[in-house]
Amino acid sequence: MGGRIDDSVNDGTSPYVFRISGSNHHKIGTLLPPSGLVPKFAQLYIYDTNNKLSNRLNALGAFGHSDIRDDIVQGL
């Protein structure tokens, strides 16, 4: 998340206040992974839909491990 944080309301006499001045925005990064890198975060849901299950398992470090069931990851 990004924005201009206004700390002027925090004078030390009351609980901390997080206030953003102006507009806030989300920094989600690119929707496609850079060349040569594996997809991560939101990229797992839109990148290479033919291999989405193996991409998600690879992101978990679980590809080829028998303790994580493919059918459960597929359902999620």
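The values are calculated or read from the model by the stated rules, or taken from the named source; none is laboratory data. The shown structure was predicted, so the numbers you read here are calculated from the model rather than taken from an experiment. Cβ placement follows ideal geometry from the backbone for every residue including glycine, while neighbour counts extend to all protein chains displayed.
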At pLDDT 75 or above, closer than 20 Å to Ala59 by Cβ and surrounded by 10 or more Cβ atoms within 10 Å (Cβ to Cβ): does that describe Leu32? yes
Report, by residue number, each residue of the stretch 6-25 that is of a type in the set (Gly, Ala, Ser), in a loop (DSSP other than H, G, I, E, B) and surrounded by 10 or more Cβ atoms within 10 Å (Cβ to Cβ). none
Restricting the stretch 1-29 to residues that are within 30 Å of Gly61 (Cβ to Cβ) and among the small types (Gly, Ala, Ser), the one modelled with the lowest pLDDT turns out to be Gly2
Does Val73 qualify as being of a type in the set (A, V, I, L, M, F, W, C) and either at pLDDT 80 or above or exposed (fewer than 12 other Cβ atoms within 10 Å of the Cβ) (or both)? no
